[in-house]
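Here's the structure, in structure tokens; my notes come after.
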Amino acid sequence: MSYLLDNRRTEAGRRFAAISELFDATTFRHLAATGIAPDWRCWEVGAGSPAVAGWLAARCAYVLATDIDTTWLGGDQPFEVRRHDVAADPPPGGDFDLIHARLVLVHVPERAAALASLVDALRPGGWLVVEDADPALQPLSCPDEAGPAQELANRIRRGFRTLLARRGAELDYGRKLPRLLRDAGLTQVRAEAWFPLTAPANAVLERATVEQLRGQLVDAGLATEDEIAEHLTNVDNGRLDLAPAPLISATGRRS
Ligand SMILES: C[S@@+](CC[C@H](N)C(=O)[O-])C[C@H]1O[C@@H](n2cnc3c(N)ncnc32)[C@H](O)[C@@H]1O
């Protein structure tokens, strides 16, 4: 099953920028808490854009950034880039001190096998940081459903969740991460949830996501063209308090 939010679409660049603005500070805090050191070897899984791999490369000896689609990882980067499907390809060789995947496994139907392969690729004492959405924990686009514009936003978000589920996404995956990391044998497991209730980048992410999925939402009968146009106007007028799904950041250590 292919990834719903294909990186080859132009909207992907705007989505990556908004994801960075919304979540990088949280991500970097969790990565820094592992005690990241200059001699470490790191693997950024499903990197998407250079944001996290670049941050790691400024602090570590070696960083490998992989993705099924490396379109946005091109150019002269301070890290190695490889095309790699975490669901199907064997992990790259070399024991890693730190492996990080953000908003990747939730989309991968074979996520159990993928998580096991990430754990296997850690050196003893290495850290795994997995961050994933839990759209079922907070399913609303506008938690403050104050009127018709917010109701429409929430209906379109429901359509987005339906499309995600049809592609094999696990909508309550984020909350399971601490248990899954423990079950995989990791120790010192901790996890935290975070989401901005309203921020300018939420509107950028909402517009880019809805524009990217517009055709699929209409074809599946989940929204009409008129509803999508009205929603995008509402997004642009800045009066919706738009929220993303919470990001669950889970960390564990291989003993
Ligand atoms: C929502 S984006 C997140 C990108 C980046 N991790 C971030 O947080 O900014 C999901 C990324 O996972 C990648 N992806 C999806 N399925 C994958 C797979 N099976 N193996 C590797 N990468 C995958 C996509 O191509 C995309 O770049």
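The values are calculated or read from the model by the stated rules, or taken from the named source; none is laboratory data. From a predicted model like this one, the values you see are computed outputs, not experimental measurements. All Cβ positions, glycine included, derive from the backbone under ideal geometry; neighbour counts span all protein chains shown. SASA here: full protein model, heavy atoms, side chains in, ligands and nucleic acids out. Shrake-Rupley method; radii C 1.70, N 1.55, O 1.52, S 1.80 Å.
Before we move on, is residue 141 of a type in the set (Ser, Thr, Tyr) and touching a residue at least 40 places away in the same chain (Cβ under 8 Å)?
yes
Is one or more of the residues making up the stretch 5-12 in a loop (DSSP other than H, G, I, E, B) and without any contact (Cβ under 8 Å) to a residue 24 or more places away in the chain?
Yes, there is a match, as at least one residue in the stretch 5-12 is in a loop (DSSP other than H, G, I, E, B) and without any contact (Cβ under 8 Å) to a residue 24 or more places away in the chain.
Could you grab me the full set of residues in the stretch 71-89 that are open to solvent by 80 Å² or more (accessible area, probe 1.4 Å), in a loop (DSSP other than H, G, I, E, B) and at pLDDT 95 or above?
If the condition is that a residue be open to solvent by 80 Å² or more (accessible area, probe 1.4 Å), in a loop (DSSP other than H, G, I, E, B) and at pLDDT 95 or above, then 78 is the only one that fits.
Filter the stretch 166-197 down to the residues that are under 30 Å from residue 221 (Cβ atoms) and over 17 Å from the mean Cα position of the chain (by Cα) and list them by number.
Of everything in the stretch 166-197, just one residue is under 30 Å from residue 221 (Cβ atoms) and over 17 Å from the mean Cα position of the chain (by Cα), namely 166.
Could you figure out which of (1) modelled with pLDDT of 95 or more; (2) of a type outside the set (A, V, I, L, M, F, W, C); (3) farther than 14 Å from residue 70 by Cα isn't true of residue 14?
Only one criterion is unmet by residue 14, namely (1).
Could you list all residues from the stretch 88-117 that are under 25 Å from residue 20 (Cα atoms), of a type in the set (A, V, I, L, M, F, W, C) and within 11 Å of the ligand (Cβ to nearest atom)?
Within the stretch 88-117, 101, 103, 104, 105, 106, 108, 114 qualify.
Among 39, 85, 76, 69, which is the only one that is within 12 Å of the ligand (Cβ to nearest atom), among the charged types (D, E, K, R) and over 29 Å from residue 202 (Cβ atoms)?
Among 39, 85, 76, 69, only 85 is within 12 Å of the ligand (Cβ to nearest atom), among the charged types (D, E, K, R) and over 29 Å from residue 202 (Cβ atoms).
Tell me yes or no: at least one residue of the stretch 217-224 is modelled with pLDDT of 95 or more, open to solvent by less than 30 Å² (accessible area, probe 1.4 Å), more than 18 Å from residue 131 (Cβ to Cβ) and not in a loop (DSSP other than H, G, I, E, B).
Scanning the stretch 217-224 turns up at least one residue that is modelled with pLDDT of 95 or more, open to solvent by less than 30 Å² (accessible area, probe 1.4 Å), more than 18 Å from residue 131 (Cβ to Cβ) and not in a loop (DSSP other than H, G, I, E, B).
Of everything in the stretch 118-152 that's among the charged types (D, E, K, R) and crowded, with 22+ Cβ neighbours inside 10 Å, which residue is nearest to the ligand (Cβ to nearest atom)?
Among residues in the stretch 118-152 that are among the charged types (D, E, K, R) and crowded, with 22+ Cβ neighbours inside 10 Å, the one nearest to the ligand (Cβ to nearest atom) is 131.
Among the residues of the stretch 1-23, which ones are open to solvent by 20 Å² or more (accessible area, probe 1.4 Å), more than 8 Å from the ligand (Cβ to nearest atom) and within 19 Å of residue 45 (Cβ to Cβ)?
Residues satisfying the conditions are 1, 2.
Taking residue 49 as the residue in question, decide whether it is buried (at least 16 other Cβ atoms within 10 Å of the Cβ), more than 10 Å from the ligand (Cβ to nearest atom), under 25 Å from residue 173 (Cα atoms) and free of Cβ contacts under 8 Å to residues at least 40 places away in the same chain.
no
For the stretch 91-107, give me each residue that is modelled with pLDDT of 95 or more and either over 21 Å from residue 253 (Cα atoms) or part of a strand (DSSP E or B) (or both).
If the condition is that a residue be modelled with pLDDT of 95 or more and either over 21 Å from residue 253 (Cα atoms) or part of a strand (DSSP E or B) (or both), then 96, 97, 98, 99, 100, 101, 102 are the ones that fit.
Taking residue 24 and the conditions (1) in a loop (DSSP other than H, G, I, E, B); (2) at pLDDT 95 or above; (3) acidic (Asp, Glu), which numbered condition does it fall short on, given that it satisfies the others?
It is condition (1) that residue 24 fails.
Keeping to the stretch 54-70, report how many residues are part of a loop (DSSP other than H, G, I, E, B) and within 18 Å of the chain's Cα centre (by Cα).
The qualifying residues number 3.
For the stretch 36-46, enumerate the residues that are assigned to a strand (DSSP E or B) and open to solvent by 30 Å² or more (accessible area, probe 1.4 Å).
Once the filter is applied, which keeps residues that are assigned to a strand (DSSP E or B) and open to solvent by 30 Å² or more (accessible area, probe 1.4 Å), the stretch 36-46 yields only 41.
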